[in-house]
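Data block below; observations after.
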Amino acid sequence: MLIGSYTPWLVVVSLVVAILASFTALDMANRVTTAPSPRISVLWLLGGGCAMGLGIWSMHFIGMLAFRLPIPLGYDLPLTAVSLLAAVASSIFALWLVSRPTLPHSRLALGAVLMGCGIASMHYIGMAAMLMRPGIEYHAGWFTLSVLVAVAASWVALFVAFRLRHNDTRLHHRIVPAVLLGTAIVGMHYTGMAAARFPANSICGAAAGDGLQTQWLAALVMVLTIAILAVVLLVSWLDQRQQAQLLRLRNQRLRSSLDDAEAELSQAALHDPLTHLPNRLLLQQHIDQALVDAELRGGRFAVMFMDLDGFKQVNDAYGHQTGDSLLVAVAARTRQLLRPTDVLARLGGDEFVLVVAIENDEDVAAVANRILQAIGKGNLVPSHDLQITASIGIAICPDHAASERQLMGYADAAMYQAKEAGRNAYVVFAAWMSDSAEQQFRLLADLRRAVELKQLFLQYQPKVRVSTHQVCGAEALLRWQHPEHGLIPPDRFIRLAERSGVINDLGRWVLNEACQQVRRWHDAGHDSWSVSINLSPIQFGSPNLLQEVSDALERHRVEPRRLVLEITESAVMRDTDTSLRLLQSLARLGVGISIDDFGTGYSSLLYLKRLPATEIKIDHAFIRDLENSSEDVVIVSAIVALGHALDMDIVAEGVETAGQRSYLERLGCDFLQGYLLGRPVDPERFMQLHDLPRPRMSLAPELNTLGGGHFLD
């Protein structure tokens, strides 16, 4: 037998090349899997398979060059090429396998056997390329072990490459697996070499014929090794630059998106969602800035408080959808009359405020007259022949006051004087009008006694379950019948109650009265009906709210789940942590939590998912144009999907037409409210209308004493 030996430094080089090939394999697996398109993925698969196969083949022949026999050696070129193809084919197959979405154990085992046999074939074809005569004899045990080592190395390579294919490309995450895989591949090679037996009279046929001589093979292998190293480094460098550039672009896009989102949130926080005019907060900022400018430059400006005459009757007669269209038209027509430096804001309802720079009193009169004439022309809502007028109260800085609060109060008082003077007029504030503050105090005093004098009462607007088309409860709405002034609009006395703190007493009365009514309904056989009440932001911040709710439920023997507390987004977002703790306590009590006017506030989805709410109430602003606005359809669909994803029921309010109802039912709303389904009525009339298997659909206009609305409107 011929005794072979090894050149130590070439053995080390073969190990290094094997590690490089393993590193290339892991890197290419990542490229194939994360390629942006199927075409690029195929290119990475073919290119990566060739690079990986060349690396394994280079390791094999460097190991062959490290082997020495006491006879000249050479290699047959065709067989050498076949061994290279075997290495490349095995590598392409391996990359294809690890790029699959899944790699179950059965597929992994089969792939390891096929790849291991391919690598073993490369090795033994390369050995056959020496064309030894007589042929090489192989020790059965070492031969079997070499094949098993090839299969095991393939199994480890496939498993590691599959696990790391989506990992990041940082170097230290792949060096250790590459070293382990490279060592396993080299181990297979030298195990196969140990299996070879060379008879004593053997000669190398490739060295004597046209085979590839060892010196040329050495140069070829060195060139391939350098090429592999260059390809790996170049690809890594190019990919790093590309990823860094893409990351910068993504960060820029994300920053731009965040800026846009911040601008949209700012727009929503500072502007009225219906007319897109500045809201109360932004108006206050404008007035404060105007006060500073007036003090520095000695100028004058007027605050004009405008309220539409008969707007409530428009809502009652034509519905909220027409009322909203009227408000938008008034805002647009008024804005056309102003200069760019003037400010027009909407406070809510039909109240508008203008901040106008003036030089003399004639300027104020001219602006007010133009506005009154423009609004009084009619044709504000094309589909209805509406005749609407306005009353304007004016306060001037610095003539009347030099603070935002006083200017707004005086303009408000002057506006009420315009109402009392016959409407469709403007009034400039005068000192004697401050007496109207006494009227407010008298009204407040009357409001404090209204509960004990039984002047307050509740009306109930039905709430219909979409799945059964039956009434499942009602929303309680507070009303005040004053002995002298008659039925006072809720927005007037609720605002007064919030400013004075009386709202807590009113809210406590509403809570107790609503629970008592639920008990009556249940005793009458409607034990599935529930009642919703609105919580004022002031009442929601009361430390006694939880105990008051608990006491009312216990006093009237009402199941907590039959009471729903409606809280606006803005009330929740005032102090999110405190609000969250209170809502969690109420939820533990068992009452329902409804997020009212959803979509019109300035809230955060991060907090919404933490709120223990049971339902979301879509504001009627998104309902009124549902039949004609694809944007509103998209918004309502998104709210429904969001609510259902958070396991909340969806309530749509302000349903006034059959088309709106049809849309909302198709979009997946769970409950509906609105004039189409029933107007607010007293408890006895509510029972008469809805003590039936199905809800009554007639509008019953004769019952509309105050129209729909809101305890806090």
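The values are calculated or read from the model by the stated rules, or taken from the named source; none is laboratory data. Nothing here was measured: the structure is a model prediction, and the numbers come from that model. All Cβ positions, even for glycine, are placed from backbone atoms using ideal geometry, and neighbour counts span all protein chains on display. Ligands, DNA and RNA are stripped out before the accessible areas are found, and what is left, the full protein with its side chains, is counted by its heavy atoms. Shrake-Rupley method; radii C 1.70, N 1.55, O 1.52, S 1.80 Å.
Given the residues V113, V82, which is the only one that is open to solvent by 60 Å² or more (accessible area, probe 1.4 Å) and either among the basic types (K, R) or under 14 Å from S58 (Cα atoms) (or both)?
V82
Go over the candidates L456, L477 one by one and state the one that is touching a Gly at 6+ places or on another chain (Cβ under 7 Å) and among the hydrophobic types (A, V, I, L, M, F, W, C).
Just a single option satisfies the conditions, and that option is L477.
Do we have any residue at all in segment 643-666 that's open to solvent by 20 Å² or more (accessible area, probe 1.4 Å), under 17 Å from E569 (Cα atoms) and either aliphatic (A, V, I, L, M) or outside any loop (DSSP other than H, G, I, E, B) (or both)?
Scanning segment 643-666 turns up at least one residue that is open to solvent by 20 Å² or more (accessible area, probe 1.4 Å), under 17 Å from E569 (Cα atoms) and either aliphatic (A, V, I, L, M) or outside any loop (DSSP other than H, G, I, E, B) (or both).
Which condition does R685 not pass, out of (1) in contact with a helix residue (DSSP H, G or I) (Cβ under 7 Å, 6 or more places away or on another chain); (2) closer than 23 Å to T322 by Cα, if it passes all the others?
(2)
Go over the candidates R555, R561 one by one and state the one that is in contact (Cβ under 8 Å) with a residue 40 or more places away in the chain and either over 28 Å from I618 (Cβ atoms) or open to solvent by 60 Å² or more (accessible area, probe 1.4 Å) (or both).
On the way: R561 fails: in contact (Cβ under 8 Å) with a residue 40 or more places away in the chain.
Answer to the selection: R555.
Go through segment 1-20 and report how many residues are in a strand (DSSP E or B) and either among the polar types (S, T, N, Q) or crowded, with 18+ Cβ neighbours inside 10 Å (or both).
So the answer is 1.
Considering only segment 288-300, state which residues are within 15 Å of L407 (Cα to Cα), surrounded by fewer than 22 Cβ atoms within 10 Å (Cβ to Cβ) and within 43 Å of the chain's Cα centre (by Cα).
Passing the criteria: D288, Q289, L291, V292.
Please go through segment 650-662 and pick out each residue that is in contact (Cβ under 8 Å) with a residue 24 or more places away in the chain and out of contact with any helix residue (DSSP H, G or I) (no Cβ under 7 Å at 6 or more places or on another chain).
Passing the criteria: V651, T657, G659, Q660.
Check off (1) touching a strand residue (DSSP E or B) at 6+ places or on another chain (Cβ under 7 Å); (2) surrounded by fewer than 19 Cβ atoms within 10 Å (Cβ to Cβ) for G486 and give me the number that stays unchecked.
All conditions are met except number (1).
Give the residue, chosen from I639, I595, that is open to solvent by less than 20 Å² (accessible area, probe 1.4 Å) and not in a strand (DSSP E or B).
Answer to the selection: I639.
Residue by residue through segment 57-79, note down the ones that are open to solvent by 10 Å² or more (accessible area, probe 1.4 Å), of a type in the set (A, V, I, L, M) and part of a helix (DSSP H, G or I).
Narrowing segment 57-79 to residues open to solvent by 10 Å² or more (accessible area, probe 1.4 Å): 65, 67-73, 76-79.
Then drop every residue that is not of a type in the set (A, V, I, L, M), which leaves 65, 69, 71, 73, 77, 79.
The answer is L65, L77, L79.
Does R479 count as of a type in the set (K, R) and open to solvent by 20 Å² or more (accessible area, probe 1.4 Å)? Step through it out loud before you land on a result.
Details: of a type in the set (K, R): yes; open to solvent by 20 Å² or more (accessible area, probe 1.4 Å): no.
The answer is no for R479.
Quick one: which helices (runs of 4 or more DSSP H) lie wholly within segment 124-211 and hold at least 1 residues that are within 28 Å of T7 (Cβ to Cβ) and modelled with pLDDT of 80 or more? Give the derivation first.
On the way: elements: 140-164, 172-195, 205-208.
It comes to 140-164, 172-195.
Restricting to segment 524-540, name every residue that is in a helix (DSSP H, G or I) and open to solvent by 50 Å² or more (accessible area, probe 1.4 Å).
I538
Any residue that is at pLDDT 90 or above, within 22 Å of W529 (Cα to Cα), in contact with a helix residue (DSSP H, G or I) (Cβ under 7 Å, 6 or more places away or on another chain) and surrounded by 14 or more Cβ atoms within 10 Å (Cβ to Cβ) - is there at least one of those in segment 569-586?
yes
If you take just the helices (runs of 4 or more DSSP H) that sit entirely in segment 310-382, which of them hold at least 2 residues that are open to solvent by 40 Å² or more (accessible area, probe 1.4 Å), over 23 Å from L407 (Cα atoms) and without any contact (Cβ under 8 Å) to a residue 60 or more places away in the chain?
Answer list for segment 310-382: 311-318, 320-336.
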